[in-house]
Amino acid sequence: FGQFFTPPKIKNLLINLVNPKIKENNEIESVLDPSSGTGGIIINVIKHYKNISKGKINKENLTNQINSNIYGIEIKGKVFNLGLSNMIINTGKILQNIKCDDSITKFQNIKVDTIIANPPFSISIKYDEINQNGFPKDYLPINVGGKNSELLFIQMMIYCLNINGRCATVMLDGAKIYSNKSNYHKVREYLMKTCELHEVISCPAGSFTST
């Protein structure tokens, strides 16, 4: 499934880049991890909200808001179950919007303020075999071939962001960034037309285990 689990320093970097906030009405911004794995990013987001909410939101209210406003999707059942266990150990709760599902071949009708993700690397998903009946046209608008999982996730994440939403995601360096084959360039063009790209950060070799 192309899973490369996110090291703690990278999790913290992604969260710091997006910096989920408390709104003026004292509600937390909604957060999605569309490939949540063992739940590490989500758990760190919860810790982030606990730190910034001190003196602003009482504990019960914050717990309810976290339960309503944090979303996670993981495709692989065993990894999903590890994520649930991890969540219980770290927070004492299983959040209602964490589910075992497919972010790409199934339409996820979610709109959030922020997305923090490390999607699977270089998995081939046959675009023409995705049943897009009932999908909005802008969910996966660009037919991408080859080892295309990251580029399908980019399209999915753009759809799931609210206007003025923010996203930080891991992207495999190489053909996805530079090549014009398999419509990769069309996804990059779509990204630049629909979003404001702030920065691309290169992680040193060895940042992720086994790649």
Computed [θ] at 222 nm, deg cm²/dmol, the chain (DSSP H ≥ 4; -39,500 (n - 2.57); rounded to nearest 500): -11000 deg cm²/dmol
Built amide H within the under 5 Å cut-off of residue 99, gap 5+: 72, 73, 74
Calculate, in nm to one decimal, what residue 128 and residue 21 gain on full extension: separation in residues at 0.36 nm each, minus their alpha carbon distance. 34.7 nm
For residue 21, give me every one of the lysines with a C-alpha distance below 27 angstrom, ignoring sequence neighbours fewer than eight places off in its own chain. 9, 11, 47, 50, 54, 56, 59, 93, 99, 111, 193
Once you list every other residue whose beta carbon is under 12 Å from the beta carbon of residue 34, what net charge do they have if Lys and Arg are +1 and Asp and Glu are -1? -3
Segments 117-125, 162-170 sorted - mean Cβ within 10 Å per residue, highest first: 117-125, 162-170
Rounding to the nearest 10 and keeping the result within 0 to 90°, find how far the Cα-based axis of helix 149-160 lies from the longest principal axis of the chain. 50
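What is the sum of charges around residue 74, taking Lys and Arg as +1, Asp and Glu as -1, for the other residues whose C-beta is under 11 Å from the C-beta of residue 74?
Numbers: positive: 76, 78, 99; negative: 33, 101, 102.
Its environment carries a net charge of 0.
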Karplus-derived HN-Hα couplings along segment 107-117 (A = 6.51, B = -1.76, C = 1.60, θ = phi - 60°), whole Hz, x at Gly and Pro: 5, 9, 7, 10, 10, 9, 7, 9, 10, 10, 8
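What shape does the chain have by the C-alpha gyration tensor, where a ≥ b ≥ c are the square roots of the eigenvalues, rounded means a/c under 1.5, and otherwise prolate means a/b greater than b/c and oblate the rest?
Numbers: a/c = 1.59, a/b = 1.54, b/c = 1.03.
Here the chain falls in the prolate category.
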For the chain, the longest principal axis of the Cα atoms and the Cα long axis of helix 8-18 enclose an angle in degrees, to the nearest 10, of 90
From phi via Karplus (6.51, -1.76, 1.60), per-residue ³J(HN,Hα) for segment 188-193 in Hz, x at Gly/Pro: 4, 5, 4, 4, 6, 7
With charges only on Cβ, +1 for K and R and -1 for D and E, what is the dipole size of the chain about its Cα centre, in debye, rounded to 20? 340
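Bear in mind that the values in this text are calculations on the coordinates, not laboratory data. In this text the structure is predicted, and so the values were computed from the model without any measurement. Note: ideal-geometry Cβ built from the backbone for every residue, glycine included; neighbour counts use all protein chains shown.
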